[in-house]
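J.: First, the structure itself, so that you have it in front of you.
The values are calculated or read from the model by the stated rules, or taken from the named source; none is laboratory data. Because the structure is a prediction, the values reported are computed rather than measured. With ideal geometry, Cβ positions are generated from the backbone for all residues, glycine too; neighbour counts draw on all protein chains shown. Heavy atoms of the whole protein, side chains included, go into the accessibility calculation; ligands, DNA and RNA do not. Shrake-Rupley method; radii C 1.70, N 1.55, O 1.52, S 1.80 Å.
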Amino acid sequence: QVQLVESGGALVQPGGSLTLSCVASGIRFNSTVMGWYRQPPGKERELVAAITPNGTTKYTDSVKGRFTISRDNAKYTVYLQMNSLIPEDTAIYYCNGKIWTFDFWGQGTHVIVSS
C-alpha cells in the first residue's frame, strides 16, 4: 500500500522560513516524480514544485527564488524548503507522487503565514 506522509506545517510569520517533508512508502521511489501542491482557502489545488528521479526541478512562478524542492532517494523523502514566506503562501500543502499512470497523494499539512 502506497503512503505519503507529510510533516512540517506550522504557523509562521511573514518573511519566515519552513521546511516540509514527505516520506513515501510502498512505492518505487527512485522511479517516481515527486511534487508539492497546495490549496489556498477557497481556491483550487495548484502545483508548487516537482522533481524528477534524477533531480530535474520545476516551480510555479510565484515561488521561484523562494522555494526549493529536493529529494533523498535513499530515505524515500522529498522536501520543500520555503523562504521569504508571504501570507499568500497560506494553504494546505500536499505531497504527490506520479509513476506510470498512477497518482498518489498525502493527507496534507497546513501552512499559515500570518503575523
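J.: Antiparallel as a % of all DSSP beta bridges within the chain, to the nearest 5?
T.: Of those bridges, close to 95 percent are antiparallel.
J.: Same structure again: Whole-Hz Karplus ³J(HN,Hα) for the stretch 18-31, in order, using 6.51 cos²θ - 1.76 cosθ + 1.60 and θ = phi - 60°, x for Gly and Pro?
T.: In residue order, the calculated couplings are 7, 10, 9, 10, 9, 9, 9, 8, x, 9, 7, 4, 5, 10 Hz.
J.: Between residue 84 and residue 72, what is the spin-label point distance in nm, taking each point 7 Å from the Cα along the Cα→C-beta axis?
T.: 2.7
J.: Right, another one. Ignoring ligands, DNA and RNA, what percent of the accessible area of the stretch 1-79 is carbon or sulfur (1.4 Å)?
T.: 47
J.: Same structure again: So which aspartates and glutamates pass the test for residue 64, namely a Cα distance under 16 Å, with those fewer than 8 places away in the same chain ruled out?
T.: Reachable aspartates and glutamates: 46, 88, 89.
J.: Specify whether the C-alpha gyration tensor of the stretch 54-113 places it in the rounded, prolate or oblate class, a ≥ b ≥ c being the square roots of the eigenvalues: rounded for a/c under 1.5, otherwise prolate if a/b is larger than b/c and oblate if not.
T.: prolate
J.: Accessible area per residue of the chain at 1.4 Å probe, in Å²?
T.: 54
J.: Return the distance in nm (one decimal) between the two label points of a simple spin-label model at residue 101 and residue 64, each offset 7 Å from Cα along Cα→Cβ.
T.: 3.4
J.: Using alpha carbon coordinates only, what is the Rg to Rh ratio of the chain, with Rh defined as the Kirkwood radius? Before the final figure, lay out each step's value.
T.: Details: Rg = 13.3 Å, Rh = 14.0 Å.
On the Cα set of the chain, Rg over Rh gives 0.95.
J.: For the stretch 1-45, take N as its residue count and report Rg(C-alpha) divided by 2.2 N^0.38 Å.
T.: It is 1.45.
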